[in-house]
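Engineer: Would you mind keeping the following structure in view while I ask a few things?
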Amino acid sequence: MSSSVDTQDDYAVYQTSTMAALLSGLYDGDVTIEQLLTHGDFGLGTFNHLDGEMVVLGGICYHLRDDGSVHIASPTDKTPFAAVMHFRSTQSFDVTVPTSLADLTTRIDHVTDGVNLPVAVRVDGTFAPLRTRTVGEQQKPYPPLTEAAAHEAISTLDETRGTVAGFRTPSFEAAISVAGYHLHYVDDSRSHGGHVLDLTLTGGRVSIAPISELRLVLPDTADYRAASIDLADLQRQEQQAEGSAGAGRSG
C-alpha cells in the first residue's frame, strides 16, 4: 500500500499504563523514551517518579520540570504514563479573536460532532495569558496523585507563543485515560511549558486528528502487579489531580 494512503494505523494511540494506576501512586514504568517514540511523534505524559510533564512534538520528547526548565528527554528516561501517536490532521480551523479555553473546546466538540469519540488536538498560536502547572519529582513511598498535585508549581505566562498538544477522551474511558481534555504546552523557544490549566488563545490554528484505536501497554513491574487500584470516586480524584484542563468537557 502506498505510504500516502491513510490506514487505521495512522490514527492509533499507543499508551503506557492507565490513569487509575497513576492516581494510585504508581509512578515507575518500564517503557523508555526511545521505545515510546517508535510509536508516535506527538503526545504527552510524565516521567518516572512523576518528575515533571512531557510534551512530544515532531518526534522530539520535551521534559518540562517544576523549576521551569525545559530539556530534551534522554532516550533512556522512563515513563509511568504517556500517550503518543503519529499526528495526521484531518480537520483544522483558524482563531482570529481572543478565545477562552471553554469556548475553544466547545468549538472543537462542535467541529467533531460531539464528545463520544477521542481526538488528538494541536493548537499553534499566541496565548495571553496561559496558566500551567508542573508536578515535582516524588520520593518513595509515593503519595497518591491528588496529594502530589497539591504541591505543584503553577506558572502564568502573560503573553506567549507556542504549541498546546493533547487529547480529548470520552468520559467512559476515565479509568484508562484523562477524561475530557488533557493538554500540555511548550513555547516556541522551548524554555517554558507545563500542563495547561487555563488559557486565552488570541490567534492561531487548531488542528485535529481522529483516533481509531488505543494500544494499551501495562507495566511489567512488581509494584504494578502487586498494586491495589481503587476505582471508587475515580472521576473526582482525576478532576482534582489534573485541574480544570484535565477532566470534563470544558477542558
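Engineer: Please count how many residues of the range 18-62 are polar (S, T, N, Q) and assigned to a strand (DSSP E or B). Please lay out each step first, then the result.
Structural biologist: Here is the first cut: in the range 18-62, the residues polar (S, T, N, Q) are 18, 24, 32, 35, 38, 46, 48.
If we keep only those that are assigned to a strand (DSSP E or B) too, we end up with 32, 46.
Residues in the range 18-62 being polar (S, T, N, Q) and assigned to a strand (DSSP E or B): 2 in total.
Engineer: Ok, one more. Out of Phe87, Phe93, I need the residue that is aromatic (Phe, Trp, Tyr), at pLDDT 95 or above, assigned to a loop (DSSP other than H, G, I, E, B) and within 26 Å of Ser207 (Cα to Cα). Which one? It would help to see each step written out before you state the result.
Structural biologist: Details: Phe93 fails: assigned to a loop (DSSP other than H, G, I, E, B).
After ruling out the rest, the residue left standing is Phe87.
Engineer: Would you pick out the residues in the range 142-164 that are closer than 22 Å to Asp230 by Cα and either small (Gly, Ala, Ser) or without any contact (Cβ under 8 Å) to a residue 12 or more places away in the chain (or both)? Break it down stepwise before answering.
Structural biologist: Going through the range 142-164, the residues closer than 22 Å to Asp230 by Cα turn out to be 142-150.
Answer for the range 142-164, where residues must be closer than 22 Å to Asp230 by Cα and either small (Gly, Ala, Ser) or without any contact (Cβ under 8 Å) to a residue 12 or more places away in the chain (or both): Glu147, Ala148, Ala149, Ala150.
Engineer: Being surrounded by fewer than 20 Cβ atoms within 10 Å (Cβ to Cβ), of a type in the set (Val, Ile, Thr) and assigned to a helix (DSSP H, G or I), is that true of even one residue in the range 121-133?
Structural biologist: No, the conditions are met nowhere in the range 121-133.
Engineer: Here is a follow-up. From the residues in the range 29-40 that are in contact with a strand residue (DSSP E or B) (Cβ under 7 Å, 6 or more places away or on another chain) and either surrounded by fewer than 20 Cβ atoms within 10 Å (Cβ to Cβ) or small (Gly, Ala, Ser) (or both), which one is nearest to Ala120 (Cα to Cα)? Even if it seems obvious, please write down each step before you answer.
Structural biologist: Quick first cut of the range 29-40, residues in contact with a strand residue (DSSP E or B) (Cβ under 7 Å, 6 or more places away or on another chain) only: 29-33, 36-37, 39-40.
When the remaining residues are screened for being either surrounded by fewer than 20 Cβ atoms within 10 Å (Cβ to Cβ) or small (Gly, Ala, Ser) (or both), the result is 29-30, 32, 37, 40.
Values: Gly29: 23, Asp30: 25, Thr32: 22, Leu37: 17, Gly40: 12 Å.
My answer is Gly40.
Engineer: Going through the range 142-164 one residue at a time, which ones are outside any loop (DSSP other than H, G, I, E, B), modelled with pLDDT of 90 or more and touching a strand residue (DSSP E or B) at 6+ places or on another chain (Cβ under 8 Å)?
Structural biologist: Within the range 142-164, Ala153, Ile154, Ser155, Thr156, Leu157, Thr160, Arg161, Gly162, Thr163, Val164 qualify.
Engineer: Also: Ala12 - would you say it is at pLDDT 95 or above, under 15 Å from the mean Cα position of the chain (by Cα) and of a type in the set (A, V, I, L, M)? If you could, list the steps in order and put the result at the bottom.
Structural biologist: Working: at pLDDT 95 or above: yes; under 15 Å from the mean Cα position of the chain (by Cα): no; of a type in the set (A, V, I, L, M): yes.
Judged against the criteria, Ala12 is not a match.
The values are calculated or read from the model by the stated rules, or taken from the named source; none is laboratory data. From a predicted model like this one, the values you see are computed outputs, not experimental measurements. We place every Cβ from the backbone using ideal geometry, glycine too, and count neighbours over all the protein chains shown.
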